[in-house]
Amino acid sequence: MRINLITTLLKMFLNIPLFILVKLIPKNQKLSIIGASLGQHFADNSKYFYIYFHQLKKDKDNKLVWITKNKEVFKLLDSYHLPVEYLYSFKGIYTTITASKVFLSHQLNDIYGALVGGATIIQLWHGFPLKKIGYNGEWNSDNIAGKIKYFLYKIMPFNHYMSCNKLIAPSLLAKDNLKEAFSLSFNNKESYKDIIVSGYPRNDIFSPDYQFDVFLFPELKRLNEYKNKFKYVISWLPTQRKALDKTIIELMKESKLDLSSLNSFCQKNDILFVFKAHFLDFNRLNQNTLQYKNLTVYDNVDPYPLLSYTDILLTDYSSVYFDFLLSQKPIIFTPFDYEEYLSIVNFYQNYDEMTPGVKCYSWKEILENITLIINHTDDYKNDRKIFLEKLALKENNSQLIYNTFFKDS
């Protein structure tokens with residue numbers, strides 16, 4: 001533990017001269033870079049904004065380059081002649097340090113904090129905050145360790161993973177929550193204007209006019225097979241329980257999920273049940289479900305194409321349901337371990353008030369409610385509509401973000 005702390009502090013202080021040097025390098029005002037998922041995946045809001053920029057907007061005056069630490073992502077985008085650079089290369093580093101704008105979806109390490117000195121950092125973020133995150137979520141300055149961390153991040157913001165200059169929020173309610181989470185970047189009324197309510201690019205897929213590019217979404221072939229083979233697609237996307245040191249496998253055991261019974265139920269009702277788990281859980285979960293024809297594990301990092309093909313969503317505390325509300329399809333909430341989860345995390349608002357759908361604490365309840373829904377009894381349809389109106393989520397989100405950062409450049 002002590003060695004890890006010393007290593008972390010050493011890296012933080014070594015980043016100072018690098019950050020200052022990069023900050024002094026002149027920036028190309030027509031060059032922007034974008035990344036996601038700690039540089040490992042082509043996913044989330046960054047992915048959908050990048051696609052909009054290059055395939056729908058086709059901006060000839062500005063350049064937006066994807067920066068990745070994953071050679072497979074580099075090969076994918078390069079094969080379609082899209083602007084991409086591998087970070088750990090001369091061109092990758094040069095492109096990064098000369099860019100004037102940096103778009104992220106998860107944290108500064110989507111690129112590398114010290115290499116974006118002097119650029120405007122635009123955090124697209126990756127979720128509507130239901131549980132508390134960031135400052136006053138994962139940590140605060142109420143104790144000595146928190147005060148030291150707060151001090152270090154204030155003097156070296158390039159080392160704080162949530163540091164940014166502009167932040168995208170999907171709604172006014174989300175903006176209020178994000179003010180607290182990102183309070184090291186936005187800590188007064190004047191800076192709140194830099195939290196911009198313009199919606200998440202990934203939500204553009206719920207528009208009936210959205211066209212998936214078959215090359216950038218190879219999973220479409222499989223998703224179309226789902227739809228052609230089964231009458232209903234039901235997807236379960238439980239929250240990753242890292243704070244509880246629990247995987248989806250443990251959650252299945254604790255909730256007493258019987259895969260054989262679930263498969264029989266799905267066969268009877270012409271349902272494909274899709275497990276969307278964290279990638280670390282994929283192999284083990286896949287081995288457990290291979291023998292069942294009506295159960296499958298979705299291994300693609302990006303869940304949003306799957307959501308667009310999903311008829312009923314099952315989730316618990318994941319903010320993915322905020323996005324899914326736009327589909328106007330049913331949601332069943334499965335907070336099996338609510339009391340345990342609440343003992344570890346805090347919510348910004350009351351959980352029941354923020355979740356317009358039935359709460360099921362057993363698989364028996366879940367299957368009963370699925371049966372009601374497929375038999376055209378959707379008791380929460382109006383609740384979802386009212387809640388969606390309250391959220392006032394934006395439409396054409398990629399266009400709004402483009403207009404904010406590129407229209408007049």
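The values are calculated or read from the model by the stated rules, or taken from the named source; none is laboratory data. These figures come from a predicted structure and were not determined experimentally. For neighbour counting, all protein chains shown are included, and Cβ atoms are generated from backbone atoms with ideal geometry for every residue, glycine included.
Find the helices (runs of 4 or more DSSP H) located wholly in the range 29-129 whose residues include 3 or more that are hydrophobic (A, V, I, L, M, F, W, C), and list them.
Details: elements: 44-51, 71-79, 90-98.
Where helices (runs of 4 or more DSSP H) fall fully within the range 29-129 and carry at least 3 residues being hydrophobic (A, V, I, L, M, F, W, C), they are 71-79, 90-98.
Out of the residues in the range 375-389 that are in contact (Cβ under 8 Å) with a residue 40 or more places away in the chain and either hydrophobic (A, V, I, L, M, F, W, C) or assigned by TED's automatic domain parsing to the domain that holds G127 (or both), which is surrounded by the fewest Cβ atoms within 10 Å (Cβ to Cβ)?
Of all residues in the range 375-389, those in contact (Cβ under 8 Å) with a residue 40 or more places away in the chain come to 378, 380-381, 384-385, 387-388.
Then drop every residue that is not either hydrophobic (A, V, I, L, M, F, W, C) or assigned by TED's automatic domain parsing to the domain that holds G127 (or both), which leaves 387-388.
Details: F387: 17, L388: 15.
This residue is L388.
Give the number of residues within the range 362-384 that are at pLDDT below 95 and in a helix (DSSP H, G or I).
The number of residues fulfilling the criteria is 0.
Regarding I332, is this residue surrounded by 15 or more Cβ atoms within 10 Å (Cβ to Cβ), β-branched (V, I, T) and not in a helix (DSSP H, G or I)? Even if it seems obvious, please write down each step before you answer.
Working: surrounded by 15 or more Cβ atoms within 10 Å (Cβ to Cβ): yes; β-branched (V, I, T): yes; not in a helix (DSSP H, G or I): yes.
It is true that I332 is surrounded by 15 or more Cβ atoms within 10 Å (Cβ to Cβ), β-branched (V, I, T) and not in a helix (DSSP H, G or I).
Go through (1) of a type outside the set (S, T, N, Q); (2) assigned to a strand (DSSP E or B); (3) in the same structural domain as Y52 (by TED's automatic domain parsing) one by one and return the number of the condition L400 breaks.
(2) is the only condition that L400 fails.
Can you run down the residue pairs with Cβ atoms below 7 Å, 6 or more apart or on separate chains, where the first is in the range 19-48 and among the polar types (S, T, N, Q) and the partner is in a helix (DSSP H, G or I)?
Matching pairs, first to second residue: N28/T98; S37/D44; S37/D110; N45/P201; N45/R202.
Out of K47, K101, I need the residue that is within 23 Å of I205 (Cα to Cα), at pLDDT 95 or above, crowded, with 19+ Cβ neighbours inside 10 Å and of a type in the set (K, R). Which one?
K47
Which residues, taken from the range 174-201, are of a type in the set (G, A, S), farther than 22 Å from E138 by Cα and in contact with a helix residue (DSSP H, G or I) (Cβ under 8 Å, 6 or more places away or on another chain)?
Passing the criteria: S198, G199.
From the list S235, S198, S260, exactly one residue is within 21 Å of T289 (Cα to Cα), in contact with a strand residue (DSSP E or B) (Cβ under 7 Å, 6 or more places away or on another chain) and among the polar types (S, T, N, Q). Which is it?
On inspection, the qualifying residue turns out to be S235.
What is the number of the single condition among (1) more than 30 Å from N28 (Cβ to Cβ); (2) within 22 Å of the chain's Cα centre (by Cα); (3) surrounded by 18 or more Cβ atoms within 10 Å (Cβ to Cβ); (4) β-branched (V, I, T) that I401 does not meet?
The number of the failed condition is (1).
Could you tell me which numbered condition K57 fails, if it satisfies all but one of (1) at pLDDT 95 or above; (2) touching a Phe, Trp or Tyr at 6+ places or on another chain (Cβ under 9 Å)?
(1)
What single numbered condition from (1) surrounded by 18 or more Cβ atoms within 10 Å (Cβ to Cβ); (2) without any contact (Cβ under 8 Å) to a residue 40 or more places away in the chain; (3) touching a Ser or Thr at 6+ places or on another chain (Cβ under 8 Å); (4) of a type outside the set (G, A, S) fails to hold for K69?
Condition not satisfied by K69: (3).
Does L76 satisfy the condition of being over 22 Å from the mean Cα position of the chain (by Cα) and under 23 Å from D213 (Cα atoms)? Explain how you work it out, then say what you get.
On the way: over 22 Å from the mean Cα position of the chain (by Cα): no; under 23 Å from D213 (Cα atoms): yes.
Answer is no for this residue.
Please find, among I196, I122, I93, the residue that is modelled with pLDDT of 95 or more and buried (at least 21 other Cβ atoms within 10 Å of the Cβ).
Working: I196 fails: buried (at least 21 other Cβ atoms within 10 Å of the Cβ); I93 fails: buried (at least 21 other Cβ atoms within 10 Å of the Cβ).
None of the other options fit; the residue is I122.
If you scan the range 140-171, which residues turn out to be under 25 Å from the mean Cα position of the chain (by Cα) and either modelled with pLDDT under 85 or among the β-branched types (V, I, T) (or both)?
Within the range 140-171, I168 is the sole residue that qualifies.
If L87 satisfies all but one of (1) over 18 Å from D213 (Cβ atoms); (2) surrounded by 20 or more Cβ atoms within 10 Å (Cβ to Cβ); (3) out of contact with any strand residue (DSSP E or B) (no Cβ under 9 Å at 6 or more places or on another chain), what's the number of the condition it fails?
It is condition (3) that L87 fails.
Considering only the range 299-311, how many residues are in contact with a helix residue (DSSP H, G or I) (Cβ under 6 Å, 6 or more places away or on another chain) and buried (at least 21 other Cβ atoms within 10 Å of the Cβ)?
The total comes to 2.
With respect to D323, determine if the residue is under 18 Å from S207 (Cα atoms) and touching a residue at least 24 places away in the same chain (Cβ under 8 Å). Before you say what the answer is, go through the steps one by one.
On the way: under 18 Å from S207 (Cα atoms): yes; touching a residue at least 24 places away in the same chain (Cβ under 8 Å): yes.
Considered against the rule, which asks whether it is under 18 Å from S207 (Cα atoms) and touching a residue at least 24 places away in the same chain (Cβ under 8 Å), D323 comes out as yes.
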